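The values are calculated or read from the model by the stated rules, or taken from the named source; none is laboratory data. Bear in mind that the values here come from a model prediction, so they are computed numbers and not experimental data. For neighbour counting, all protein chains shown are included, and Cβ atoms are generated from backbone atoms with ideal geometry for every residue, glycine included. Protein only, heavy atoms only, side chains kept; ligands, DNA and RNA dropped before computing areas. Shrake-Rupley method; radii C 1.70, N 1.55, O 1.52, S 1.80 Å.
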Amino acid sequence: MTDMYVTSGMVQHILTEYHFNHNKNKGFRDIVLELYNRENYVTQKPTLPNKFLLSNLNDNDFLDLLNQLPIYINSIINVHSNTEIGESDILPENSDIFVIKHFSYLNDQPHSHNYFEISYVFKGNCQLIFEKEHRTLNEGELCIIAPMSLHNIIVDDVNSIIITITIKRSTFDRAFFTLLSQKDLLSYFFRTILYNQTSSNYLLFNTDNSADIKIIIKNLILENYKGDIYYNNCSISWANILFANILRNYSETIQFYNYDLDSDFSLVLQYIQHNYRKLTLKSLAEHFHYSEAHLSTLIKKNTGLNLIALITKLKMSDAKDYLINTNLSIEKISEYVGYNSVDHFSRTFKKHYQSSPQQYRKLY
């Protein structure tokens with residue numbers, strides 16, 4: 001069969017037209033078949049205009065670029081339904097990563113697949129349906145959905161821009177070894193869902209609509225559509241930069257769908273480490289969807305301390321590091337580790353280390 005391509009803008013145009021004319025939505029494969037039957041496709045992969053090959057695209061040019069992204073439709077035509085589209089149908093041959101704009105007004109049913117799916121809200125918002133949960137993802141939020149998780153992303157506004165990044169599961173084991181080996185939340189999550197059979201899950205980060213994240217996303221898309229011998233490795237590199245950036249700057253915003261805290265307490269400990277400055281037992285229990293009493297028991301069982309004592313220990317450890325490794329004033333250090341009163345901080349520090357913060361700094 002001859003290679004056939006359409007653009008994402010062509011697909012979106014029909015979806016939008018059908019939605020407003022019939023007050024209902026169509027599936028992705030249905031639209032592709034309609035374009036195929038009309039012979040409204042090309043047999044050579046469309047190339048992107050030179051103006052789109054710059055890494056400093058403004059937002060308007062970027063949105064124009066998203067509408068011109070080519071979609072290979074041969075494999076999609078050959079499946080039998082919208083729910084049967086899998087990794088091999090979405091990811092181009094010899095590619096580990098595929099990036100595209102999620103279509104508005106798409107009649108997509110809850111589904112699962114064997115690859116990672118990352119949804120980034122570049123502009124506007126969308127709805128995430130995940131198992132029995134229904135939540136709104138807002139501008140700047142980034143959701144990483146684990147393989148084999150039943151979910152759906154719904155975009156009911158043509159002005160909302162959602163970027164979808166699909167990554168082969170095997171890629172994490174092979175290409176993201178350094179990321180996976182780190183002792184942090186994101187690495188732990190990936191290791192868990194790669195090497196253990198877990199229930200459906202997602203990780204959600206709020207990037208605060210970061211300009212840096214948008215630049216990384218733009219570069220990832222530009223690289224993903226270059227199509228030369230380097231594009232796949234470079235796409236993986238940009239994905240690595242994306243993950244490292246959200247881990248470095250936004251790990252304290254992490255939310256997830258499901259986790260068995262009784263069998264593995266490390267996620268709670270890491271969350272406490274990131275958020276201890278303003279953490280309470282109530283807010284911690286709400287975040288992990290556990291009762292305060294049960295969570296309090298888990299903390300005592302796994303650390304030998306109650307939450308207040310554990311938080312104080314973390315505060316004192318960070319204060320000690322600030323005193324040794326920085327020239328920050330005692331007042332600033334007190335503020336950084338979560339104390340409103342310098343006197344309270346100094347008394348607590350002396351109780352832990354048998355010397356005042358000033359004396360400790362002189363000693364070490």
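Overview of results
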{"read-out": "Which numbered condition VAL155 fails, given (1) buried (at least 18 other Cβ atoms within 10 Å of the Cβ); (2) closer than 24 Å to ASN245 by Cα; (3) β-branched (Val, Ile, Thr)", "value": "(2)"}
{"read-out": "Members of segment 220-261 that are in a helix (DSSP H, G or I), among the small types (Gly, Ala, Ser) and under 18 Å from ILE100 (Cα atoms)", "value": "SER235, SER237, ALA239"}
{"read-out": "Qualifying positions in segment 130-139 - surrounded by fewer than 21 Cβ atoms within 10 Å (Cβ to Cβ) and either assigned to a strand (DSSP E or B) or touching an Asp or Glu at 6+ places or on another chain (Cβ under 6 Å) (or both)", "value": "GLU133, HIS134, ARG135, THR136, ASN138"}
{"read-out": "Residue within segment 240-258 that is open to solvent by less than 40 Å² (accessible area, probe 1.4 Å), farther than 30 Å from LEU63 by Cβ and out of contact with any Ser or Thr (no Cβ under 7 Å at 6 or more places or on another chain) present", "value": "yes"}
{"read-out": "Of residues in segment 340-363 being of a type in the set (Lys, Arg) and surrounded by fewer than 15 Cβ atoms within 10 Å (Cβ to Cβ), the one nearest to LEU323 (Cα to Cα)", "value": "LYS362"}
{"read-out": "Breaking point among (1) assigned to a strand (DSSP E or B); (2) out of contact with any Pro (no Cβ under 7 Å at 6 or more places or on another chain); (3) over 26 Å from SER95 (Cα atoms), for ILE163", "value": "(3)"}
{"read-out": "Which listed residue, of LYS282, LYS320, is surrounded by 18 or more Cβ atoms within 10 Å (Cβ to Cβ) and either under 30 Å from PRO49 (Cα atoms) or at pLDDT 85 or above (or both)", "value": "LYS320"}
{"read-out": "Enumeration of residues in segment 91-108 that are open to solvent by 50 Å² or more (accessible area, probe 1.4 Å) and either among the hydrophobic types (A, V, I, L, M, F, W, C) or modelled with pLDDT under 85 (or both)", "value": "PRO92, GLU93, ASN94"}
{"read-out": "Filter pass, SER334 being in contact with a Phe, Trp or Tyr (Cβ under 7 Å, 6 or more places away or on another chain), of a type in the set (S, T, N, Q) and in a helix (DSSP H, G or I)", "value": "yes"}
{"read-out": "Sole exception among (1) crowded, with 18+ Cβ neighbours inside 10 Å; (2) in a strand (DSSP E or B) for GLN127, by number", "value": "(1)"}
{"read-out": "Residue satisfying all of: in segment 201-217; in a helix (DSSP H, G or I) and either in contact with a Ser or Thr (Cβ under 7 Å, 6 or more places away or on another chain) or without any contact (Cβ under 8 Å) to a residue 24 or more places away in the chain (or both); farthest from GLN127 (Cα to Cα) among these", "value": "ALA211"}
{"read-out": "Matching residues in segment 1-47 - criterion: being over 13 Å from ILE71 (Cβ atoms) and part of a loop (DSSP other than H, G, I, E, B)", "value": "MET1, THR2, ASN23, LYS24, ASN25, GLY27, ARG38, GLU39, THR43, GLN44, THR47"}
{"read-out": "Any chance ASP156 is at pLDDT 90 or above, under 16 Å from the mean Cα position of the chain (by Cα) and in a loop (DSSP other than H, G, I, E, B)", "value": "no"}
{"read-out": "Residue satisfying all of: in segment 1-43; β-branched (Val, Ile, Thr) and surrounded by 12 or more Cβ atoms within 10 Å (Cβ to Cβ); nearest to ASP156 (Cα to Cα) among these", "value": "THR16"}
{"read-out": "Pair list, Cβ < 6 Å and 6+ apart or interchain, from segment 300-314 residues that are among the hydrophobic types (A, V, I, L, M, F, W, C) to residues that are assigned to a helix (DSSP H, G or I)", "value": "LEU307/LEU281; LEU307/ILE299; LEU310/THR303; ILE311/TYR276; LEU314/TYR276"}
{"read-out": "Condition broken by ASN232, with the remaining ones in (1) within 21 Å of TYR115 (Cβ to Cβ); (2) surrounded by fewer than 18 Cβ atoms within 10 Å (Cβ to Cβ); (3) at pLDDT 90 or above satisfied", "value": "(2)"}
{"read-out": "Residue within segment 81-90 that is under 26 Å from HIS151 (Cβ atoms), at pLDDT 85 or above and in contact with a His (Cβ under 8 Å, 6 or more places away or on another chain) present", "value": "no"}
{"read-out": "Segment 301-317, subset outside any helix (DSSP H, G or I) and of a type outside the set (A, V, I, L, M, F, W, C), residue least open to solvent (accessible area, probe 1.4 Å)", "value": "GLY304"}
